[in-house]
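Student: The following block contains the structure, expressed as structure tokens.
The values are calculated or read from the model by the stated rules, or taken from the named source; none is laboratory data. As the structure is a prediction and not an experimental result, all values here were calculated from the model. A quick note on method: Cβ atoms are made from the backbone with ideal geometry, for glycine too, and the neighbour counts reach across all protein chains shown. Just the protein is used for accessible areas: all its heavy atoms, side chains included, with ligands, DNA and RNA removed. Shrake-Rupley method; radii C 1.70, N 1.55, O 1.52, S 1.80 Å.
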Amino acid sequence: MASRKVVLNLYRDLLKESKKWASYNYREYALRKIRHEFRQNKALEDSTKINDFYNKGLESLEMLKRQVLIGNLYKTDKLVIEMQNK
């Protein structure tokens, strides 16, 4: 069974990996999506559902790592909004 600590580590890993994305739009979308999914499933009590979502999260983390690697091969200039945030 996925414990609270393990799930929180997965959450942190997903956020950390998302922040590596060079593309502003992809990065912000991934961060919003991760936060939304975890907030939506915050109150889950059923251990089988928790394990299912945990396993889905692990698969998503692996996919995210691959996508960040591929996406960063094609770096583009920073957007205006990225320059304003500094």
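Student: When the dipole is taken about the Cα centre of the chain, and only Lys, Arg (+1) and Asp, Glu (-1) are charged at their Cβ, what size is it in debye, to the nearest 20?
Tutor: 320 debye
Student: Could you tally the net charge around Asn55, taking each other residue with its Cβ under 13 Å from the Cβ of Asn55, Lys/Arg +1 and Asp/Glu -1?
Tutor: Net charge in that neighbourhood comes out at -1.
Student: Counting only heavy atoms of protein chains, what accessible area per residue, in Å², does the chain have with a probe of 1.4 Å? List each step's numbers first, then the result.
Tutor: Working: 6910 Å² over 86 residues.
Using a 1.4 Å probe on heavy atoms only, each residue of the chain averages 80 Å².
Student: Could you check how much of the accessible area of the chain is carbon and sulfur, as a whole percent, using a 1.4 Å probe?
Tutor: Numbers: 3730 of 6910 Å².
Carbon-and-sulfur percentage of accessible area, whole number: 54.
Student: Let me ask something additional. Expressed as a rounded percentage, what relative contact order does the chain have, with Cα pairs under 8 Å and six or more residues apart?
Tutor: The value is 46 percent.
Student: As I understand it, the value is the acute angle between the Cα axis of helix 4-18 and the longest principal axis of the Cα atoms of the chain; what does it come to in degrees, rounded to 10?
Tutor: 20 degrees
Student: With point charges of +1 on the Cβ of Lys and Arg and -1 on the Cβ of Asp and Glu, referenced to the Cα centre of the chain, which listed residue (Gly71, Gln40, Tyr24) lies farthest in the positive direction of the dipole?
Tutor: Tyr24
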